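This report refers to the structure that appears directly beneath it.
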Amino acid sequence: MNNPWTAIARPANEFNVRLVSDNHPLRLFWGVDARGRYLFVVEAAPDAMPERKSLPELAGIRTALTVAEGHGRLVLLLNETANWELFLALCNDLVRAGISAGSEAIAVSILIRRLQRWHEFLRRQRSPVLPLEEMKGLIGELLFLSDTLAPRFGWNAAVSFWKGPEDAPQDFAVHETAVEVKCQSGSSKPWVRISSIDQLNPQLPTAFLVVHTLATAEGDDPAGFTLNSLVRTIRTALENEAEGASERFEHLLFTAGYLETEHYDAYVFQRVATRSFAIREGFPRLKASALPEGIDRVTYQLSLDACASFEAPLRL
């Protein structure tokens, strides 16, 4: 991951800046101050700038807002340069969030909402990278979103069907059908981890379990992909076909714990198979009614061999 601040000379006083993009409704800059600290600077007309009280506190980052005649400026200052990768992820998220806004005021409003999400993320001190199993789980959901739902229903509807990051019982609710998506490794025995009773006990009348089998791939494999490349592909599709769904998509990624970092580029996968199973009477699963009193949270492994008789084409 390239550090944009290293290309900026440290000034004798105040700060030096470099324009982020000339294709944005706001004037955005990378900056370095006289002490070598990293900055992200947002400039807009005074009437587009937020009120000071609307700025959330960000752990490890200082914010400063100045509004003068004909000029408004918001500065984010990173306290510890060692944390630049996380700061870069935050800044890139802010850039993406407002790039399609129709005015400075709208872009600033979007930016403030993003900062509020970052406030929650940093307050919880979450790791900036997902564990491997969570990463593969998110990949599975994105594959289903992009390869199954979007071609059939369009991107706006597809993103609206995605519920998993919001702690819904199943990953997708497509009209009257619930879909739980899992990933398994191609080299492993065919099983998936079920992380709650609710995952295979949906409230909707029809339900399916969709399982992607992933194998590791070389970086130059044309069939290979990473979590980052998959996210970028979907972002591009949304920008071209469904801008209105972009903000919700970014919200769901953020809620899932995803930040674009080079860490994910080391994990290259290819999909070798996708199977779907109808969840109906007799499907192997635990039910809440069968649990002893006092047990309300379970995790278990489900053998796909035991589900073979329930394998069926996905109906949505």
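Condition (residue is small (Gly, Ala, Ser), crowded, with 18+ Cβ neighbours inside 10 Å and assigned to a strand (DSSP E or B)) applied to the stretch 212-232: is it met by at least one residue?
Taking the stretch 212-232 as the starting set, the residues that turn out to be small (Gly, Ala, Ser) are 215, 217, 219, 223-224, 229.
Next cut, crowded, with 18+ Cβ neighbours inside 10 Å only: 217.
Retained after the next criterion (residues that are assigned to a strand (DSSP E or B)): none.
For the stretch 212-232, residues small (Gly, Ala, Ser), crowded, with 18+ Cβ neighbours inside 10 Å and assigned to a strand (DSSP E or B): absent.
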Give the stretch 288-315 a look and list any residue that's more than 12 Å from Ser196 (Cβ to Cβ) and of a type outside the set (A, V, I, L, M, F, W, C), or say none.
Ser289, Pro292, Glu293, Gly294, Gln301, Ser303, Asp305, Ser309, Glu311, Pro313, Arg315
Cβ contacts < 8 Å: first residue touching a residue at least 60 places away in the same chain (Cβ under 8 Å) and over 17 Å from Ile61 (Cβ atoms), restricted to the stretch 10-33; second residue assigned to a loop (DSSP other than H, G, I, E, B) and of a type in the set (Gly, Ala, Ser), any location; separation 6+ or different chain. Result?
Pro25/Ala101; Pro25/Gly102; Pro25/Ser103
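For every residue, the table says whether it meets (1) farther than 18 Å from Pro205 by Cα; (2) outside the structural domain of Val174 (by TED's automatic domain parsing).
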position	(1), (2)
Arg275	yes, no
Ile279	no, no
Gly282	no, no
Arg285	no, no
Ser289	yes, no
Glu293	yes, no
Arg297	yes, no
Ala306	yes, no
Leu316	no, yes
Test Asp47 against the stated conditions and say whether it is assigned to a helix (DSSP H, G or I), touching a residue at least 12 places away in the same chain (Cβ under 8 Å) and over 29 Å from Ala237 (Cα atoms).
yes
Can you spot a residue in the stretch 25-39 that is over 26 Å from Glu260 (Cβ atoms), surrounded by 13 or more Cβ atoms within 10 Å (Cβ to Cβ) and in the same structural domain as Ala97 (by TED's automatic domain parsing)?
no
Every listed condition ((1) within 18 Å of the chain's Cα centre (by Cα); (2) among the polar types (S, T, N, Q); (3) surrounded by fewer than 17 Cβ atoms within 10 Å (Cβ to Cβ)) holds for Ser195 save (1)
Looking at Leu143, Leu115, Leu138, Leu149, can you tell me which residue is in a helix (DSSP H, G or I), of a type outside the set (Asp, Glu), under 28 Å from Asp22 (Cα atoms) and out of contact with any Asp or Glu (no Cβ under 9 Å at 6 or more places or on another chain)?
Leu115
Of the conditions (1) surrounded by 19 or more Cβ atoms within 10 Å (Cβ to Cβ); (2) of a type in the set (S, T, N, Q); (3) assigned to a loop (DSSP other than H, G, I, E, B), Gln184 clears all except one; give me its number.
(3)
Which condition does Glu104 not pass, out of (1) of a type in the set (Asp, Glu); (2) within 30 Å of Ala223 (Cβ to Cβ); (3) outside the structural domain of Leu252 (by TED's automatic domain parsing), if it passes all the others?
(2)
Scan the stretch 18-44 for residues that are within 19 Å of Asp93 (Cα to Cα), part of a strand (DSSP E or B) and of a type outside the set (Gly, Ala, Ser) and jot them down.
Arg18, Leu19, Arg27, Leu28, Phe29, Trp30, Tyr38, Leu39, Phe40, Val41, Val42, Glu43
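The values are calculated or read from the model by the stated rules, or taken from the named source; none is laboratory data. These figures come from a predicted structure and were not determined experimentally. When we count neighbours, we look across all protein chains shown, and the Cβ atoms used for this are built from the backbone with ideal geometry, even at glycine.
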